[in-house]
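See structure below.
Values quoted throughout were computed directly from the atomic coordinates according to the rules given, and no laboratory measurement underlies them. What you see is a predicted model; the values in this text were computed from it and never measured. All Cβ positions, glycine included, derive from the backbone under ideal geometry; neighbour counts span all protein chains shown.
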Amino acid sequence: MTAVMNESRQFTPELLEEVNRIVSLFPEGKQKSALIRVLHLAQAHFGHLDTEAMDYVARLLHLNPIEVYEVATFYSMYDTKPVGKVKLEVCRTGPCMIEGAERIIAHIEKRLGIKDGETTADGLFTLKSVECLGACGYAPMLQAGESFHEHLTEEKVDALIEEYRANPVANYMGLK
Ligand code: FES
């Protein structure tokens, strides 16, 4: 498996090696099974999954581009547009809705001056409402990077935004 040359989207040799390793975990001809993981690599490497990035992944895995588009646009963990440094993913499924997710989303929109799906002008925050994140017992909740924030209130959200504003990478390292 080799990368097509003269593309604006390219993995590094190390990433291509990792793609080959992931593909080798599946039976011959079942390389589509590697798609979820390879899309994660692509998103981490390119920042988001635009059409060129998805087409590149399709060529790498010998898939039709539509097969990649379907997966990348189905799961909320993938971003097809650029996002901010801190992505606030607020669960909007039943249990979280009952516990006030709508109120939390409206509060974040007002606080950041953006709508659901938008990014602040300074490129710091993106707000994205998503389906169940598996923390229903702690509703309402949101995910930021690798951190879950639960039993949200407007006050907790305000504090969270201030903490992330001061330290945007904290969403990948966990807030102290
Ligand atoms: S319903 Fe919100 S985490 Fe499951």
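Using 0.36 nm per residue of separation minus the Cα-Cα distance, give me the extension gain between SER24 and SER8 in nm, one decimal.
3.2 nm
Given the rule -39500 (n - 2.57) for each run of at least 4 DSSP H residues, summed and divided by the residues of the chain, what is its mean residue ellipticity at 222 nm, to the nearest 500 deg cm²/dmol?
So the calculated ellipticity at 222 nm is -13000 deg cm²/dmol.
Compute the relative contact order of region 13-74 as a whole-number percentage, counting only Cα pairs closer than 8 Å that sit 6 or more residues apart in sequence.
25
For region 86-173, give the magnitude of the charge dipole about the Cα centre (Cβ charges: +1 Lys/Arg, -1 Asp/Glu; no others), in debye to the nearest 20.
140
Give me the percent of Cα-Cα pairs in region 13-74 that sit more than 17 Å apart, rounded to a whole number.
Within region 13-74, distances greater than 17 Å cover 30 percent of Cα pairs.
Once phi is turned into θ = phi - 60°, what whole-Hz ³J(HN,Hα) does the Karplus curve with 6.51, -1.76 and 1.60 give for every residue of region 65-79, x standing for Gly and Pro?
x, 4, 5, 6, 4, 4, 6, 5, 8, 7, 8, 6, 6, 9, 10
For region 86-173, what are Rg and Dmax over the alpha carbons, in angstrom?
Rg then Dmax for region 86-173, in Å: 11.7, 34.
Which peptide among 90-100, 151-161 comes first, and what is the full order, when sorted by highest mean count of other Cβ atoms within 10 Å?
Peptide ranking by packing, descending: 90-100, 151-161.
Suppose every K and R has +1 on its Cβ and every D and E has -1 on its Cβ; what is the size of the dipole of the chain about the Cα centre, in Debye to the nearest 20?
80
For a quick check of your reading of the filter: which chymotrypsin sites (Phe, Trp or Tyr not before Pro) in region 60-100 sit in a DSSP loop and have no more than 13 other Cβ atoms within 10 Å?
TYR75
For ASP79 and GLU146, compute 0.36 nm times the residue count separating them, minus their Cα-Cα distance, and round to one decimal in nm.
That pair, ASP79 and GLU146, stretches by 22.6 nm at full extension.
Going down the list LYS30/LYS128; LYS115/LYS156; LYS81/LYS156; LYS32/LYS110; LYS30/LYS87, which pairs span over 30 Å between their C-alpha atoms?
With Cα atoms farther than 30 Å apart: LYS30/LYS128; LYS32/LYS110; LYS30/LYS87.
Taking C-beta distances below 4.7 angstrom as the pairing criterion, name the unpartnered cysteines of the chain, in sequence order.
Lacking a cysteine Cβ partner under 4.7 Å: CYS132, CYS136.
Once both labels are modelled 7 Å past Cα along the beta-carbon direction, what's the MET97-SER33 spacing in nm?
Between MET97 and SER33, the label points sit 3.6 nm apart.
So for the chain, averaging the separation of alpha carbon pairs under 8 Å that are six or more residues apart and normalising by length, what relative contact order in percent results?
Relative contact order, the chain: 17 percent.
Using r as the Cβ-Cβ distance of GLU109 and LEU16, and R0 as 30 Å, what FRET efficiency do you calculate, to the nearest 0.05?
Once the sixth-power term is evaluated, E becomes 0.15.
Please give the helix 35-46 orientation as an angle from the longest Cα principal axis of the chain, in degrees from 0 to 90, rounded to the nearest 10.
So the helix axis and the longest Cα principal axis differ by about 70 degrees.
Rounded if a/c is under 1.5, else prolate if a/b beats b/c, else oblate: with a ≥ b ≥ c from the C-alpha gyration tensor eigenvalues square-rooted, which is the chain?
In terms of gyration-tensor shape, prolate.
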